[in-house]
Amino acid sequence: MRRVNSEETPQTVQLDRVGGWLSRVDATITEVNSLLNRATRERQKLCLAGCCSKNCKSTYMFGKSVSRSLKHVVGLMSEGDFKEVVERTLPEPVVVGNVNPTLGTETTLDEAWSYITGDEVRIVGIYGMGGVGKTTLLTKINNRFVTISNNFDVVISAVVSKDLKPEKIQEQIWKRIGFLDEKWEKKSLHEKAKDIFHVLSRKKFVLLLDDIWRRVDLEEIGVPLPTRQNRCKIVFTTRSCRVGGQMEAEKMIKVEPLAWEEAWALFQKKVGDIDFDIVPLAQDVAKECSGLPIALITIGRAMASKITKEEWEHALEVLRSPASSLLCMEDDVFQYMEVDVFVRLKFSYDGLLSDKVKFCFLYCSLFPEDFEIEKDDLVHYWIYENFCARNEAYSMIGTLVGACLLEEKGRHVKMHDVIRDMALLIACKYEKEKHKFFVEAGAQLTRVPEVGKWEVSKRMSLMANSFERIHEVPRCPDLLTLFLSDNHNLSEISDGFFQFMGTLTVLDLSRDEPANYGMVL
C-alpha cells in the first residue's frame with residue numbers, strides 16, 4: 001500500500017491484479033482478527049473445563065481454521081512480490097478549455113472544422129491582428145471534438161508565444177500524452193523529442209498551437225509531420241500571415257473583426273442596461289472598438305458604471321483622439337503592437353480609479369508573456385514593498401479581473417498578450433520616468449543587458465532567459481524588485497552584483513515556483 005500510495009499520480013492507476021490481491025489481503029486480515037479474538041475464548045474454555053469431548057472438538061476445529069488461514073497468508077505473501085503496482089492511464093481524448101461565449105465566430109469555426117476533418121489539408125493556419133479572437137476560436141475548435149464524433153485519438157493544445165522555447169512546448173505535449181516526472185524533465189531536448197515521437201507516431205492526433213510568431217521546428221520537438229497516411233492535423237494561430245508560409249500551412253484562415261451586429265451585442269452584454277437616451281452614444285463608443293472582441297470586452301466593462309451622457313461623450317472624445325503619436329515606436333518589444341488597439345485599451349487603463357490599481361496592473365507586465373501568476377505571489381510582493389496590505393491587494397486583483405485587464409484562472413491570473421503589450425508600452429515608454437521599469441522577461445537573452453540600460457530602474461525583470469552568469473557590478477540605488485526566476489542556465493552571480501542595491505526589497509531567484517524559493521531582503 002505504501003508503494004501504491006507513493007506511485008499513484010493523476011497519470012497512473014493501480015494495476016487490477018494489485019487491487020485484487022489487496023482485496024484478498026483485506027479479507028484474510030479480517031479472518032485472522034476474528035481468529036485472534038476467538039483464540040482467547042478457546043483458551044479460557046480449556047482452562048476452566050479441561051479437555052472434555054465438546055471442548056476438544058471445538059479446539060480441533062479452531063486449529064483447522066488457524067491452519068487454513070496460515071496457508072492463505074503464506075500464499076498471499078508469495079503472490080505479493082509485484083515489480084510494478086501502477087500503470088500509466090490513457091490520456092483523455094480532449095481536455096475541455098474554458099472559453100467566453102463570443103458571437104460571430106461560427107462561420108470561421110465551421111470553415112476550420114471542415115479542413116480539420118477533411119482529407120485534403122493537413123496543416124491549417126489561423127491569422128489576424130491581436131485581440132481579434134484567434135485564441136478563443138482555437139479553444140472552440142478544441143471543445144468541438146467533445147461534442148462532435150471524430151476519429152482522432154487525442155487532441156493536444158500548447159501555447160507557443162513570442163519567446164518560442166521548444167522545451168516548454170515539449171512539456172505541454174508530454175503532459176497530455178505521457179508521464180511528466182522529474183526523470184523526464186532531466187532529459188535532453190533530443191531525448192524528449194524521441195519520447196514524444198515514439199508516442200505520437202502511434203496515434204492519430206490533432207495538435208493545436210496558439211500564438212506562433214515564427215516557424216516552430218516540429219521535428220526538433222518530436223512531433224511527426226502530418227501526412228495522408230497518418231491523417232494527423234496541426235492547427236496554429238499567428239498574427240502574421242507570413243508565418244503560414246514558414247509553417248508550410250496548406251490553408252490560411254483570416255479571423256476578421258466582428259460584424260456590427262455581433263460587436264454591438266457583445267458590447268451591450270459587458271455594459272449591461274443602457275438608458276434609451278444614451279444608446280446612440282454607446283453605439284458610437286462600440287463602433288470605435290472596430291469589432292475587436294478584446295476592445296469591446298474591456299471598454300464595455302469600463303463603461304458599465306457610466307450613467308450620464310457627459311461620461312459617454314468624454315469616452316467618445318478619448319477614443320477618437322489621434323494615435324499619430326504612437327506611430328513612431330522604435331522598441332523591438334513593441335514592434336508588433338497594433339496602434340489602434342492600444343489607444344482603445346489604454347482607455348480602460350486610464351479609467352482605473354486609483355494610481356495604486358494602475359501600478360498593480362503594470363506590475364503584472366514584469367512576468368513573461370502567457371505566464372500564469374499566482375495571486376499569493378503578487379500579494380506577497382506588494383506587501384514586501386510596503387505598497388499595500390493583504391486584503392487591499394486581493395481587492396485590487398479583483399478590480400483588475402473585473403475590468404477584464406487580467407484573466408482569472410483559479411488561484412492564478414494571466415494577462416492577455418495584447419493587454420501585456422499595452423502595459424509594457426505604458427510602463428517602459430510613456431510613463432517610463434514615473435515607473436522606471438526594465439523588462440526583458442522571456443526574451444531568450446544569452447547575456448545580461450548592458451548595465452547602463454537598467455541601473456536607474458526601480459523594478460526589473462529578467463525572468464525566463466538563457467544567460468549562464470552575471471558578472472556585472474551595477475549601481476542601482478533605487479532598485480526595489482528584481483526578478484531573475486526561471487533562468488535555468490544561470491549558475492554564477494558575481495560577489496559584487498548586489499553590493500550597491502541598498503533599497504532592494506524583493507529578489508526572486510527561483511527555478512520553477514516563485515512562491516517557494518523567492519528571497520526577501
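A few points about this structure:
- Hits in the stretch 368-389 (condition: closer than 17 Å to L482 by Cβ and not β-branched (V, I, T)): P368, F371, D377, L378, H380, Y381, W382, Y384, E385, N386, F387
- Residue in the stretch 269-276 that is on the phi > 0 side of the Ramachandran plot, without any contact (Cβ under 8 Å) to a residue 60 or more places away in the chain, small (G, A, S) and not in a strand (DSSP E or B) present: yes
- Within the stretch 409-421, being farther than 23 Å from F342 by Cβ and either surrounded by 15 or more Cβ atoms within 10 Å (Cβ to Cβ) or in contact (Cβ under 8 Å) with a residue 12 or more places away in the chain (or both) holds for K409, R411, H412.
- Positions within the stretch 197-216 being part of a helix (DSSP H, G or I) and either farther than 18 Å from V235 by Cβ or modelled with pLDDT under 90 (or both), in sequence order: F197, H198, V199
- Residue selected from the stretch 465-483 under the condition buried (at least 24 other Cβ atoms within 10 Å of the Cβ) and assigned to a loop (DSSP other than H, G, I, E, B), by the criterion nearest to the chain's Cα centre (by Cα): N465
- When M460 is tested against the conditions (1) of a type outside the set (F, W, Y); (2) modelled with pLDDT of 95 or more; (3) more than 19 Å from E372 (Cα to Cα), the lone failure is (3).
- Residue match in the stretch 422-444 (condition: among the polar types (S, T, N, Q), without any contact (Cβ under 8 Å) to a residue 60 or more places away in the chain and either closer than 23 Å to L296 by Cβ or not assigned by TED's automatic domain parsing to the domain that holds S161 (or both)): no
- Which listed residue, of L76, L70, L103, is at pLDDT 85 or above, surrounded by 14 or more Cβ atoms within 10 Å (Cβ to Cβ) and out of contact with any His (no Cβ under 6 Å at 6 or more places or on another chain): L76
- Among the residues of the stretch 387-425, those that are under 23 Å from L509 (Cα atoms), touching a Ser or Thr at 6+ places or on another chain (Cβ under 8 Å) and either aliphatic (A, V, I, L, M) or part of a loop (DSSP other than H, G, I, E, B) (or both) comprise M415, L424.
- Which numbered condition D81 fails, given (1) among the acidic types (D, E); (2) under 24 Å from the mean Cα position of the chain (by Cα); (3) outside the structural domain of S201 (by TED's automatic domain parsing): (2)
- Among residues of the stretch 337-361, those that are within 23 Å of the chain's Cα centre (by Cα) and surrounded by fewer than 22 Cβ atoms within 10 Å (Cβ to Cβ), counted: 1
- Filter result for V199 (surrounded by 20 or more Cβ atoms within 10 Å (Cβ to Cβ) and either touching a residue at least 60 places away in the same chain (Cβ under 8 Å) or in the same structural domain as G125 (by TED's automatic domain parsing) (or both)): no
- Check on V456, more than 20 Å from G131 (Cα to Cα) and part of a loop (DSSP other than H, G, I, E, B): yes
The values are calculated or read from the model by the stated rules, or taken from the named source; none is laboratory data. None of the values given here were measured: they were computed from a predicted structure. With ideal geometry, Cβ positions are generated from the backbone for all residues, glycine too; neighbour counts draw on all protein chains shown.
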